[in-house]
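The values are calculated or read from the model by the stated rules, or taken from the named source; none is laboratory data. This is a predicted model, so every value here is computed, not measured. Please note: Cβ atoms are built from the backbone with ideal geometry, for glycine as well, and neighbour counts cover all protein chains shown. Quick note on the areas: whole protein, heavy atoms, side chains included, nothing else; ligands and nucleic acids left out. Shrake-Rupley method; radii C 1.70, N 1.55, O 1.52, S 1.80 Å.
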Amino acid sequence: MQITFLGTSSGVPTRSRNVSSIALRLPQRAELWLFDCGEGTQHQFLRSDLKVSQISRIFVTHMHGDHVFGLAGLLASCGLAGNVKRIDLYGPPGLEDYLQACCRYSQTHISYPFAVHQVRPGVVYEDDEYIVSCQPLKHRVTAFGYRVTEKDKPGRFNVDKAKALGIPPGPIYAKLKQGAVVTLPDGQKINGSQFCGQPIPGRKFVYCTDTVFCDSAVELAKGADVLVHEATFAHQDAELAFQRLHSTSTMAAQVALMGGVKKLIMTHFSPRYAPGNPILLDDLLTEARAIFPNTDLAYDFFSYEIPKVEETVAA
């Protein structure tokens with residue numbers, strides 16, 4: 001699981017930062033999930049090593065332009081490239097109407113299957129490996145934060161131990177690896193859990209933007225390996241944050257601390273903190289680290305690999 005930031009500015013792009021979009025790479029299944037798609041996102045793909053042909057799901061937090069203006073262009077280009085199998089989109093009310101209007105008035109035909117799913121609090125997608133859930137955030141329009149949970153995996157199977165007990169290799173090993181109870185030809189019952197190390201906890205990625213500090217963001221972030229949280233404003237501009245229902249650097253850090261996350265990466269920065277201004281992004285980082293030390297600032301094309309938990313072998 002690797003996240004790549006394709007846009008880290010709020011509201012408008014700058015010379016060094018595009019507007020919001022994050023890609024979650026799942027290399028083992030050759031898939032890419034996109035979170036938000038601000039204007040110019042497809043251009044950011046061209047400047048990265050990501051492949052639009054691998055996009056299978058797009059999750060939209062809310063309908064403000066700096067999070068959705070790149071959608072229609074990206075979807076159209078995926079169709080012209082001719083190598084996308086299907087894309088499922090998830091987002092708040094209005095997403096489907098918006099895309100239909102874009103296609104209708106531009107006379108664009110999407111040549112591959114795609115579907116729009118209106119999300120509600122709770123699970124919005126699940127397969128054998130992942131669960132994606134969402135919770136409402138506190139913004140000027142309906143907005144959701146997303147949590148991607150990798151399902152726990154069985155611990156490493158101790159083949160030597162199984163052989164030592166005379167269990168013949170074959171299909172029976174597959175069942176034992178899953179921790180099932182199997183019956184051998186001689187009638188002996190074997191519990192697969194005794195041959196497996198501790199289950200490997202799945203990784204958890206949480207994405208919260210746009211929002212002022214709220215309890216649902218803390219709940220969504222509980223125990224996450226990495227929390228990506230907006231930090232539009234510096235602490236001294238908290239009044240602006242409350243007026244516009246955005247977060248400060250200290251609010252993001254408080255969510256990380258209260259949620260017990262392992263790492264916080266801040267994004268969605270106001271252009272007001274560009275070089276030459278009295279307050280810089282390094283000041284926001286200092287503010288956040290005073291509350292939650294394991295904090296980093298995102299920048300365009302920054303990638304972060306969510307570390308795996310080490311496997312253990314059954315004794």
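Descriptive notes on the structure:
- The range 81-98, residues that are touching a residue at least 12 places away in the same chain (Cβ under 8 Å), assigned to a helix (DSSP H, G or I) and surrounded by fewer than 20 Cβ atoms within 10 Å (Cβ to Cβ): A81, E96, Y98
- Residues in the range 1-22 that are under 21 Å from P92 (Cα atoms) and surrounded by fewer than 22 Cβ atoms within 10 Å (Cβ to Cβ): G11 only.
- Just one of (1) over 21 Å from G11 (Cα atoms); (2) surrounded by 15 or more Cβ atoms within 10 Å (Cβ to Cβ); (3) free of Cβ contacts under 8 Å to residues at least 60 places away in the same chain; (4) of a type in the set (V, I, T) fails for T183. It is (2).
- Meeting the requirement of 3 or more residues that are more than 30 Å from G260 (Cα to Cα) and over 29 Å from the mean Cα position of the chain (by Cα), the strands (runs of 3 or more DSSP E) wholly within the range 99-216 are 181-183, 189-191.
- Among the residues of the range 212-236, those identified as free of Cβ contacts under 8 Å to residues at least 40 places away in the same chain and more than 17 Å from H139 (Cα to Cα) are K222, G223, L227.
- Selection within the range 6-22 - under 16 Å from the mean Cα position of the chain (by Cα) and of a type in the set (G, A, S): G7, S20, S21
- Of the residues making up the range 112-167, those that are open to solvent by less than 50 Å² (accessible area, probe 1.4 Å), over 28 Å from I200 (Cβ atoms) and not small (G, A, S) are Y112, V116, V119, L137, H139, F144.
- Any chance H229 is buried (at least 22 other Cβ atoms within 10 Å of the Cβ), touching a helix residue (DSSP H, G or I) at 6+ places or on another chain (Cβ under 9 Å) and assigned to a loop (DSSP other than H, G, I, E, B): no
- Total residues in the range 17-48 satisfying the condition of being in a loop (DSSP other than H, G, I, E, B) and at pLDDT 95 or above: the figure is 10.
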